[in-house]
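Visitor: Next up is a structure, given as structure tokens.
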Amino acid sequence: MIRDILLERLNTQFGEPERTTKKVMAWSITQNFGFVVEVDVPQNGAFANVWLPYPNGNSTALNIPHLVYPADKGRHSNTYQTAGLHRGEMALKLKISNAEDVELLLQYLTL
């Protein structure tokens with residue numbers, strides 16, 4: 001499913017995750033920027049939820065369905081340990097549901 005494809009591509013591009021739990025895999029790209037992929041929902045892997053730090057620019061530059069989480073809104077607790085996703089920081093939750101979304105995310109992460 002799409003989550004497996006995404007995880008394989010991320011492992012190829014960025015190596016093994018920095019942190020793995022039953023619920024998430026997390027990578028750090030820089031000291032201030034990391035991302036988290038939920039691995040427990042949905043169980044069938046039909047899509048993947050990816051958490052990113054809120055971009056300094058406009059989040060509409062990401063042509064992937066996403067939600068903006070204000071700094072004071074709760075989110076997946078396993079995101080808080082990742083650079084750029086600490087408690088009190090804005091975040092994006094992306095829904096990666098097809099191969100095009102995977103490619104767009106990888107392009108964004110490697111800019």
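Visitor: Taking the condition of being out of contact with any Leu (no Cβ under 6 Å at 6 or more places or on another chain), under 12 Å from Asn49 (Cα atoms) and charged (D, E, K, R), how many residues in the stretch 87-108 meet it?
Guide: Counting residues in the stretch 87-108 that are out of contact with any Leu (no Cβ under 6 Å at 6 or more places or on another chain), under 12 Å from Asn49 (Cα atoms) and charged (D, E, K, R) gives 2.
Every residue, every condition in (1) free of Cβ contacts under 8 Å to residues at least 24 places away in the same chain; (2) under 17 Å from Leu104 (Cα atoms); (3) hydroxyl-bearing (Ser, Thr, Tyr), yes or no:
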| residue | (1), (2), (3) |
| --- | --- |
| Arg3 | no, yes, no |
| Phe35 | no, yes, no |
| Asp40 | yes, no, no |
| Tyr54 | no, yes, yes |
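Visitor: Answer yes if at least one residue in the stretch 38-55 is closer than 18 Å to Asn98 by Cα, among the β-branched types (Val, Ile, Thr) and not in a loop (DSSP other than H, G, I, E, B), and no otherwise.
Guide: Yes, the stretch 38-55 contains a residue that is closer than 18 Å to Asn98 by Cα, among the β-branched types (Val, Ile, Thr) and not in a loop (DSSP other than H, G, I, E, B).
Visitor: Listed residues Ala71, Ala26, Ala83; which is open to solvent by less than 60 Å² (accessible area, probe 1.4 Å) and over 13 Å from the mean Cα position of the chain (by Cα)? Break it down stepwise before answering.
Guide: Values: Ala26 fails: over 13 Å from the mean Cα position of the chain (by Cα); Ala83 fails: over 13 Å from the mean Cα position of the chain (by Cα).
After applying the criteria, what remains is Ala71.
Visitor: Within the stretch 1-21, can you find the residues that are under 20 Å from Lys95 (Cβ atoms), assigned to a loop (DSSP other than H, G, I, E, B) and open to solvent by less than 50 Å² (accessible area, probe 1.4 Å)?
Guide: Scanning the stretch 1-21 gives a single hit, Pro17.
Visitor: Just for the stretch 86-111: of the residues that are open to solvent by 40 Å² or more (accessible area, probe 1.4 Å) and assigned to a helix (DSSP H, G or I), which one is nearest to Asp40 (Cα to Cα)?
Guide: As a first pass, look at the stretch 86-111 and keep what is open to solvent by 40 Å² or more (accessible area, probe 1.4 Å): 86-90, 93, 95, 97-100, 103-104, 107-108, 110-111.
Cutting the leftovers down to assigned to a helix (DSSP H, G or I) gives us 99-100, 103-104, 107-108.
On the way: Ala99: 20, Glu100: 22, Glu103: 22, Leu104: 22, Gln107: 25, Tyr108: 24 Å.
If we take residues in the stretch 86-111 being open to solvent by 40 Å² or more (accessible area, probe 1.4 Å) and assigned to a helix (DSSP H, G or I), then Ala99 is nearest to Asp40 (Cα to Cα).
The values are calculated or read from the model by the stated rules, or taken from the named source; none is laboratory data. Bear in mind the structure is a predicted one, so any value in this text is a computation, not a measurement. Glycine also receives a Cβ, built like all others from the backbone with ideal geometry; neighbour counts cover every protein chain displayed. Note: accessible area is taken over every heavy atom of the protein model, side chains too, but ligands, DNA and RNA are not part of it. Shrake-Rupley method; radii C 1.70, N 1.55, O 1.52, S 1.80 Å.
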